[in-house]
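The values are calculated or read from the model by the stated rules, or taken from the named source; none is laboratory data. Worth saying up front: this structure is predicted, and the values here are computed from it rather than measured. Here Cβ is always computed from backbone atoms with ideal geometry, including for glycine, and neighbour counts include all displayed protein chains. When the accessible area is computed, the model is the full protein with side chains, heavy atoms only, and any ligands, DNA or RNA have been set aside. Shrake-Rupley method; radii C 1.70, N 1.55, O 1.52, S 1.80 Å.
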Amino acid sequence: MGYKSEYTTLDDRLFLRSLTITCLEMLQLASKCLTSGNRLLNSSVSNHFAIELQGITRSFPGVVANRSVSLKVVTGTFHALIGENGAGKSTLLNILFGRLKPDEGSILFNGNDVTNELNSPLDAIRKGIGLVSQHFSLIPALSILENLMLSQLSGSILLDKASARAKALPLMERLGIGHLNLNQKTSSLSVTIQQRVEILKALFQGATTLLLDEPTATLAPTEVEALFQLLKELQKDGATILFVTHKLREMLSYSDHISVLRHGENAGDYETAFVTSETLIESMMGSGKNYYKPEKNSFNTDRQQTELLKVNNLCLSGVNAGIALQNISFTVSSGEILGIAGVDGSGQKELIRCLVGIQNLHSGSILFDGREIQNDSVGKRIRDGIAYIPEDRQSAGLVMDFSIAENYLLGHETDKSGGGGYLINRQMLTRRVQDMISTYDVRVGTDMERTPARSLSGGNQQKIVIGRALDYNARFLIACQPTRGLDIGATQSVYKSLYKARDSGFGIILFSLDIDEIMEISDRIGVLFNGRLLKILDRHEATLDSIGSLMTGNIS
Amino acid sequence: MHRKTPISFRPIASVLSGILIIVIFLAASGYNVGSAFSALWIGATGIQIAPISFQPYQLAQSLANATPLLFTGLSVAIGMKAGLFNIGAQGQLTFGAFATAVVGFSFNGMPAIIHICLALGAGAIAGAIWGAIPALLKSARGVHEVISTIMLNYVASDITSYMVTHSLKDRGSQAPQTAAISKNIHLHPFVPGSLLNAGIFIALSVVALSSWFISRTSWGFRIRAVGESREAAETNGVPITATLLLAMALSGAAAGLAGAVMVLGQEHRFVKGMSGSYGFDGIAVALLGGNSGLGVTLSALFFGGLASGANNMQLLTNVPDSIATVVQAVVIFFAGVRSPIFHSKRGIKKMINTRTGQVIHESPPD
Amino acid sequence: MNLHLTDIGSFVMSTLLGATPLILAAMGGVLSEKAGVVNIALEGFILAGAFIAVSAAHLFGGHGWVISSLMGILATVFLGLIMGMMHAFLTQRTRMDHVVSGLGINLLAMGATRYLYLHLYPNGVEVAGLDRRYFLVAALILPFLVQFLLVKTRFGLKLRACGEDPDSAVLAGVSVIPVRYVAVILSGILAALAGAYLTLGDAHNFSTDISAGKGYIALAAVIFGKWNPFGATGAALFFGFFYALQTRLQISSIVIHFWGIDLTNPFLMDTLPYLMTIIVLASFVGHTKPPAALGRQEVL
């Protein structure tokens, strides 16, 4: 979804900036090629590859996640591995880090075949591989120092805090986190700092090759830049970096090489200096039949101002180590999409929980259709017409072992017209589910009575969540990261449903960490920072830069 | 579809392994396996094979044993449907039995049918109350139901023991028991000398009714949704506290009815210690039965037969009947295993491959 | 009632002795639960330990109480190890629900000990036994050892990591399942030793209900003590105090009536630890945090 902006709504200035950087990179690379050209050309000397994968195949029941994938990462380079969601990047990364065994193929680190030695992350760490995972792997209940010592591979029976500290301090200086108190619990750290500690942990373990899994997904634009600066410096120190992402723009600016995966197979290897974004997009998506035209957003220009939802001075003190919300006020009218941007952990979860009704507010009010609803239960709000697409469809959206029909009924089990009531009306339910399946084009097997939601693909699961949200009597929709983890086709179909709902008069509030998505589909954009709603801009006043700087708390 | 295969295969494997365990125990302790087993078989089914004959008393005893197990198995199963592990069926049964006995000896001279209904109702309500307490503790204070139900079992046993040794003690006897219930409301045995009575029909209809309730009504739907995924249920507006409370009250009521039927049909009063271990046995019944109505019925019949068979075996061959408890344990182990090892060959290979302590992903990451 | 110093001394002693098996088992519970494995099986470990201790001691009964008790203890440790391994195997390898596995083990212990007891000792069994104070000393030192293990050693750090976030522990290079095996095996040994106390130390014989829910109470002490070795010890002492009080009130024919209820009745006194557990959990649990991954059935 990041790359979509490459050819639709990419902000011009940013493009220029990345173009300049790319030019500089090209010069740099060119000089590198000249000095080490011989080495690059003579690739048969395989010990110049920090990582070399040959013909990796790995399948899961029903899916081939990797089909004879090969990858060569030259020592000391910044290598990007890109591909759509579901292209097999994570599986490959897990294979590299010893979490999964490939069915076929071999893995070489620094020229040595380690296929049979790589049985666990421990083995990968021993061989100098460090992973900075997307969902951080720091243990929240332990201190930073304990997390570091935990990752020490050898040592005496007793913990040696002093020497661990001595070893960590210079590395911390290097990473710009020298000020951190090593005894604080990692649960108290911000996302950005956690990521630094994560890198610290890898270096502490002696990693020379860093694997980074979608590290920019939860960062604000300025923080992204800082991360790349840091990685570049580490690269200068001799580290090899394998950067896994689906955001193409960043990689064009910073990487040396780009490998593309598509449907679990190799779809191209490029020198960054000599490739265009069009080529990469084509590699990622395939040409011709797999090419989706983006759903055109005809922004809602002449809004009728029928106020649907009004939030007044909503306050919530920090519950369970969550963010405190301070005086949040906004309105959503029918027929508009209000996008809420913000770095992860800015209070989105807390605000959503208040709107949905899982969390009681401490003060303030929520009005729906002019009626106060802040004391209503979740079920009451749903019956009144407030639908919800939760962020995590697998744990919060669907009951994975329920059938499609049962999931469709969930939350509406007392709705007589929908097949509910004291007794469940199976015939009516079946009829309604059949309608939903054809309306939203859900691809299911023949038996929707029994097929559990678990057996559907992510995109089809999301269609059920959306169908359920929109089909009953809803007039308002709270959508949280509705396209997370979906491929481009499924993403477009989600957008289509959202546009359709908006045009039929729904009020929609969209929470997303993906700034491109916010820019793409919102009619107005609000920015959350540290529990406060900083500003709400009309779409035409908003630019990537203005939103980006608001995301880091910069109001000016 | 794919969910069905392991389920139909597993109970059979569980039962077979249970039988294997009996053989191992018997052989290892030097009993005559053949004669012990034939005593077990006759005790369970009443069918003697050579020379062929049928002893209705034995079968009746098996079914009589199965009666409380149907209720307690159902009780545990309803709890599990809501995602709660009700280890408290024992205590709920005890209170149910006690309440039934009190109602049974208190209102004499009432039409029998009304009196029976009142007594059964009292048992169900007492069990429901005792079952609702852990649900309340859970939703209001976050107390894990496993701990609270275990504790409440002891409390139920102690309080009723106190009652039958003090204020509600049977004046005419030294034994720790209440007065006898009115003769009008006895459930009479079908086979003379046995304990089999109309209680089994009450049990079977309650099981059927509960199955229907869970699968067809919206409250049953809510119970299942909360049990499968509390988070998804809460997010989609299912009232969690009310649903948990309802599920545990139903679960407790089923266990309470077990006690009620035991009082009406077997003991005719509350006697200290009469609950035996029927409540705990319900756990094995529910696990083996896979929490379905039919499954619970079949597995209650199996365990009922096993108990009366083991009893007969002890009588005839001196083999301690606690071997039935060992079989229960083995059945629990087999029914409870969740790993893929019993599902596929690939699973077995995986177990061997994971020497470093990782179970490998079953589905692609992301 | 006149309280003499000796009275107080003996009251303290009976509190300590009442707490001894609870502390031993609770330390096992702390280790296992800190590693993320729910341990309802403590009850079964205790019962099995109690039986094997008495049988081994009886088997070597002709060699004097030292050898006999030593063999009893050794056998207990060995059986505790096996049973701990069983719980670890069931919960970690076959991914069984921890409570189900624990209940199964408890049933197995119940059925097997009863079967073997009736089969082997139809006329009961008596052993010379071992002075209770050895167990008491062990129980008083143990919390310090457990705390040291958890906080000061590398293994302890790994163990805590497995209970908090096994996924991340794997990424940090910890082999979660072996660590949990060791933790649960240790808990099996300690709980079995609590059983040995009941037979070798206390009763000098075996009865089929000798554990009488002590494993469950020990688990409650673990939770009450917020999964901290000292906290759990404190909770065990608290329960021990109630045992002592109960015994004392029974001996001293004091009767306290309240609304016509005889509060000093042994049955009602017996409910105290159970009720206290529930009350304490209901008032404390909201504020305590169990190990984050406790009992989770994750796929690592």
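Descriptive notes on the structure:
- Ordering B:65-72, C:149-156, B:141-148 by mean Cβ neighbour count within 10 Å, with the highest value first, yields B:65-72, B:141-148, C:149-156.
- Cα pair count fraction exceeding 47 Å, expressed as % - the protein assembly as shown: 40 percent
- Bridgeable aspartates and glutamates around residue B:81 (alpha carbons under 13 Å apart, same-chain partners fewer than 8 residues away excluded): A:401, B:228.
- Note on residue A:503 and residue A:362: the model spin-label points, each 7 Å out from Cα along the C-beta direction, lie 4.4 nm apart.
- Accessible solvent surface per residue of the stretch B:7-341, calculated while the other protein chains remain in place, 1.4 angstrom probe, Å²: 36 Å²
- Charge dipole (chain A, unit charges on Cβ, about Cα centre) - positive-most of A:410, A:552, A:49: A:410
- Counting Cβ atoms of other protein chains within 10 Å of each Cβ in A:421-431 and taking the mean gives 2.
- Hull volume in cubic angstrom per residue (convex hull over the Cα atoms of the stretch C:9-287): 145 Å³
- Peptides C:203-216, A:82-95 ranked from most to least packed, by the mean per-residue count of other Cβ atoms within 10 Å: A:82-95, C:203-216.
- If R0 is 41 Å, the Cβ-Cβ spacing of residue C:205 and residue B:175 corresponds to a FRET efficiency of close to 0.95.
- Size of charge dipole - chain A - debye, nearest 20, with Cβ of Lys, Arg +1 and Asp, Glu -1, no other charges: 700 debye
- Farthest positive-ward along chain A dipole, Cα basis, beta-carbon charges - from A:485, A:263, A:451: A:451
- Once Rg and the Kirkwood radius are both taken over the C-alpha atoms of the stretch A:179-291, their ratio Rg/Rh works out to 1.03.
- Listed pairs A:72/A:101; A:101/A:127; A:89/A:232; A:101/C:289; A:310/A:380; A:247/C:158 exceeding 24 Å between Cα atoms: A:101/C:289; A:247/C:158
- Average other protein chain Cβ within 10 Å of Cβ, residues B:151-160: 6
- Given charges at Cβ of Lys, Arg, Asp, Glu: the stretch A:146-252 dipole, positive-most of A:155, A:241, A:210: A:155
- Only the Cβ atoms of Lys and Arg (+1) and of Asp and Glu (-1) were treated as charged; on that basis the dipole of the stretch C:167-299 about its Cα centre amounts to roughly 280 debye.
- Residue C:279-residue B:32 FRET efficiency (beta carbon distance; Förster radius 56 Å; 0.05 resolution): 0.55
- Carbon and sulfur %, accessible surface of the stretch B:7-341 computed with the full protein complex present, 1.4 Å: 69 percent
- Inter-label distance for residue A:541 and residue C:230, nm, one decimal - labels placed 7 Å from Cα along Cα-to-Cβ: 5.8 nm
- C versus B: buried accessible surface, summed, Å² (probe 1.4 Å, to nearest 100): 4600 Å²
- Residues in the stretch A:83-112 occluded by at least 40 Å² - accessible area, probe radius 1.4 Å, against chain by itself: A:90, A:99
- Excluding ligands, DNA and RNA, the accessible surface per residue across the stretch C:9-287 is 35 Å² with a 1.4 Å probe.
- Over chain A: Kirkwood hydrodynamic radius from C-alpha pairwise inverse distances, Å: 25.3 Å
- Whole-Hz couplings from phi, Karplus 6.51/-1.76/1.60, listed for the stretch B:149-165; x for Gly and Pro: 5, 4, 5, 5, 4, 5, 4, 4, 5, 5, 5, 5, 4, 4, 4, 7, 9
- Look at the stretch A:401-413: the mean tally of other chain Cβ atoms within 10 Å of its residues' Cβ atoms is 4.
- Buried solvent-accessible surface, both chains (C, A), 1.4 Å probe, Å² to nearest 100: 1900 Å²
- The mean accessible area for residues of chain A, using a 1.4 Å probe and ignoring ligands and nucleic acids, is 40 Å² per residue.
- Of the complete DSSP H runs in chain C, those spanning 20 angstrom or more by Cα along the long axis with a mean Kyte-Doolittle score not below 0.0 are C:5-34, C:42-59, C:64-88, C:98-120, C:132-152, C:176-196, C:229-251, C:266-284.
- DSSP bridge orientation in the protein assembly as shown - percent antiparallel, rounded to nearest 5: 55 percent
- Where only DSSP H runs of four or more residues are counted, chain A gives -10500 deg cm²/dmol as its mean residue ellipticity at 222 nm, each run worth -39500 (n - 2.57).
- Peptide ranges C:190-202, A:508-520 listed from the most packed, as the mean C-beta count within 10 angstrom indicates: C:190-202, A:508-520
- Temperature 37 °C, viscosity 0.692 mPa s: under these conditions the Stokes-Einstein estimate for the stretch B:7-341, based on its Kirkwood radius over C-alpha pairs, is 161 µm² per second.
- Helical runs assigned H by DSSP (4 residues or longer) give chain C a calculated mean residue ellipticity at 222 nm of -23500 deg cm²/dmol, each run adding -39500 (n - 2.57) before division by the residue total.
- Tilt relative to chain A, helix A:221-236 - C-alpha long axis, 0 to 90 degrees, to 10: 20 degrees
- Full extension of the chain segment joining residue A:392 with residue A:327 gains 20.7 nm, where the gain is 0.36 nm per residue of separation less the Cα-Cα distance.
- C-alpha long axis of helix A:161-174 to longest principal axis of chain A, angle in °: 80 degrees
- Dipole magnitude of chain C about its Cα centre (Cβ charges: Lys, Arg +1; Asp, Glu -1), debye to nearest 20: 700 debye
- If R0 is taken as 51 Å, the Cβ-Cβ distance between residue B:315 and residue C:255 corresponds to a FRET efficiency of 0.70.
- Residues of the stretch B:309-338 with an amide N closer than 15 Å to a point placed 7 Å from the Cα of residue B:204 along the Cα-to-Cβ direction: none.
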